[in-house]
Each structure stands twice: as structure tokens, then as C-alpha cells.
Amino acid sequence: MTNRGYEGRRCPPSKNAGGKKLLGRLDNCASLEVRSALDESAAPRGYSDLHDISKAPASSGSHLADMKLRNMSVAQKYGNKKLPNALIVGVKKGGTRAVLEFIRIHPDVRALGTEPHFFDRNYDRGLDWYRGLMPRTLDSQITLEKTPSYFVTREAPRRICSMSHETKLIVVVRNPVTRAISDYTQTLSKKPDIPTFEELAFKNKSEGLVDSSWNAIRIGMYILHLENWLQYFRLSQMHFVSGERLITDPAGEMGRVQDFLGLKRIITDKHFYFNRTKGFPCLKKPESSSQPRCLGKSKGRTHVQIEQEVIEQLQEFYRPFNIKFFETVGQDFKWD
């Protein structure tokens, strides 16, 4: 059966999700131009699967490492390739790579290391192709993948729901102003001749007219993207991770992720140390490993310096979107 037929039969939009009403209540703070920007099909590129080695103190995590290795060995021998039970769907430059690397040390999680981009770029390859990318898992294990561009891809919720309307979704969010600056910094490192952040962020800086069609700005309008997901998934199927708390309290955030996935809280504060050079947590090395695990060199790079006036203008732009997002998900991320 083709994907098109499969998704049409399994997952019509929910009439009770309230998506249209949610957008209607945003009329006072979002222009038609902003909403039309969401229909653009541009999807941000994902993170690479690079790791970097740092020096860190040893830990007593050998038991967890042994459990993980034992489960991996058994899964590779007796397990099957299954479609994922859970997805990290966003957002770019929010901390998705950290969540993936932290959760995949759990012995009951098998995760794909690279970003398959199935539900945005490779959907025509079919579910069998997608399943073939997944690691072998036991029935007791969760299969997980992450592609942060899914959250802002218009077709992704419908397609994922067609695969399984019970899929669990993890969304890592971050102050949208900081996220946009981080996004620009990453792009600048690859394309040093691009216009300045201010030129791209504003249609008219003196009037404070923000260009909401620019991807780096558009991604941070979380509530408008969430409205699309709520047409196909219950809010209880979505878990929102704070990118800021992931840095200051990784064990706490990962504890809640484990709860959401129905896993025993095995990953705790004893598995982390704070890398002052990078400015975020890394995993302590287990006795079975010769090295700790930190994210790649592209993570933790110094952001481009942006004028305070520009930051304040963007904070004002995002404020109504943030407030409605906080109200909808029932969580205050305290970005102001």
C-alpha cells in the first residue's frame, strides 16, 4: 500500500482538536502574512552525528553501561527492526541532539544516530525503507529517532499519525530569540558571506517590523506550529523539554523524558558533569569506556553578538506567541 493511501485511510484531521479556534484566538497578535509563512515547505537542515572527546572525571556508571551493552547484543541477535514508538520532532537549535544522546544510554532505548528526514524529505521512499533504517530492538525496548525539522514541516503530523496515531512526540524548545541567534551563528559558520542577523531578521528595523518569513524567526513561533500537530495528536502525546533546563538540570529534564516514555528512571544526576569549556552538560564516562561523551565541536560555539535593542524588539515580537504557547502546553518556560 502506498503512503498516500495509508495516511488517508488511517488519519483524517481531528474535528475536536480545536486547531482552527486556537489560530482564531491569535488574530490579535499574528498577521495573515505570518500565518501564510507557515505554509512554506522549507525545512531546516538537521544536526550532524559528530561526537567530540573531552577530558572528564570517571564515574561509577559501569552497571548502566553493562546493561546497555547486554541489551544491544541481545537485540542485534534476536531483535527486529520496528517503526519508532517515539520521535524527537524539534526544534532545530533547541537541544535535540543532547536529548537523543542522553536518552540513548538507557538500556531500554535503541535510537537511530543520524537524522533520516523521512517525514519531510524522504516520504516517497516508503515505510519499509524507513523501518529498514532503524536499529534492531526487543519487544521491551523503545525505538526512537530524531529529526528537528519535523516540527515545522506542514505535512509531518499527518504522515506520522498515519504511521501510528499513538506515537509519542518529544519537542525540545528554547527561548526563540536565543534559538534564532544560534541558528544564524550555525549558518554563518558555513556561509560567512550572508547578510547580518539584523538585515535578515527585519523588514524594517527602525519600525521594528520583523521578517517572519525568515526560517530562523519562523521556527520560534512555536504555537502556530503546534496548532498543526494538535489536529492529529492529543496534547498528552507530546512532551516539551526546556532547552534551558536541559543545561542547568539535565537529570531533572531527562527524568521527565523517561517518565513520559514509560521508562524506569535510570539516567540520573550521577551520569552528568558540567563541561565549563562548552557550557553544557556531558555524560560521565562509564568504567567500560575509555572516554566521556560530549556533543560535537559544532555544539556550544560562541554566538554572534547582537545589539540589545534588536534582542528587545524580537522579545516583544515573540511575546504574544510565547504566552499562548505557555497557556496551551500548561508550562511557563520563563523566556522573558
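The values are calculated or read from the model by the stated rules, or taken from the named source; none is laboratory data. Just so we're clear, the structure is a prediction, and the values are computed from it rather than from any experiment. Counting neighbours? That spans all protein chains shown, and the Cβs are built from the backbone with ideal geometry, glycine included. In case anyone asks, the SASA skips ligands and DNA or RNA and just uses the protein heavy atoms, side chains included. Shrake-Rupley method; radii C 1.70, N 1.55, O 1.52, S 1.80 Å.
Points worth noting:
- Ranked by the mean number of other Cβ atoms within 10 Å of their residues, highest first, the peptides 156-163, 267-274 fall in the order 156-163, 267-274.
- Solvent-accessible heavy-atom area per residue, rounded to whole Å², over the stretch 61-127 at 1.4 Å: 37 Å²
- Accessible surface ranking for 140, 213, 1.4 angstrom probe, highest first: 140, 213.
- Accessible-area composition of the stretch 93-141, carbon plus sulfur, in percent [1.4 Å probe]: 42 percent
- Efficiency of FRET from Cβ geometry, residue 164 and residue 69, R₀ 30 Å, rounded to 0.05: 0.55
- With DNA, RNA and ligands ignored, accessible area of residue 327 (1.4 Å probe; Å², nearest 10): 120 Å²
- In the complete set of protein chains, residue-level accessible area for residue 210 is approximately 20 Å², probe 1.4 angstrom.
- Legend: calculated FRET efficiency, residue 213 to residue 326, from the Cβ-Cβ distance at R0 = 22 Å, rounded to 0.05, equals 0.35.
- Across the cross-link table entries 92/264; 68/92; 168/264; 82/146; 190/284; 205/334, which are compared at the Cα atoms, the separations over 19 Å belong to 92/264; 68/92; 190/284; 205/334.
- Modelled spin-label separation between residue 138 and residue 76, with each label point placed 7 Å from Cα along the Cα-to-Cβ direction: 1.6 nm.
- Probe 1.4 Å, accessible area per residue of the stretch 143-287, Å²: 37 Å²
- The HN-Hα couplings worked out from phi for the stretch 158-175 by the Karplus form 6.51 cos²θ - 1.76 cosθ + 1.60 (θ = phi - 60°) are 5, 5, 5, 4, 5, 5, 6, 6, 9, 4, 8, 10, 10, 10, 9, 10, 8, 2 Hz, whole numbers, x standing for Gly and Pro.
- Put a dot 7 Å past the Cα of residue 248, heading toward its Cβ, do the same for residue 309, and the two dots end up 3.0 nm apart.
- Fully extended contour minus Cα-Cα distance, from residue 154 to residue 114, at 0.36 nm per residue: 12.2 nm
- Rolling a 1.4 angstrom probe over the stretch 191-242 with all protein chains present gives an accessible area of which 50% lies on carbon and sulfur atoms.
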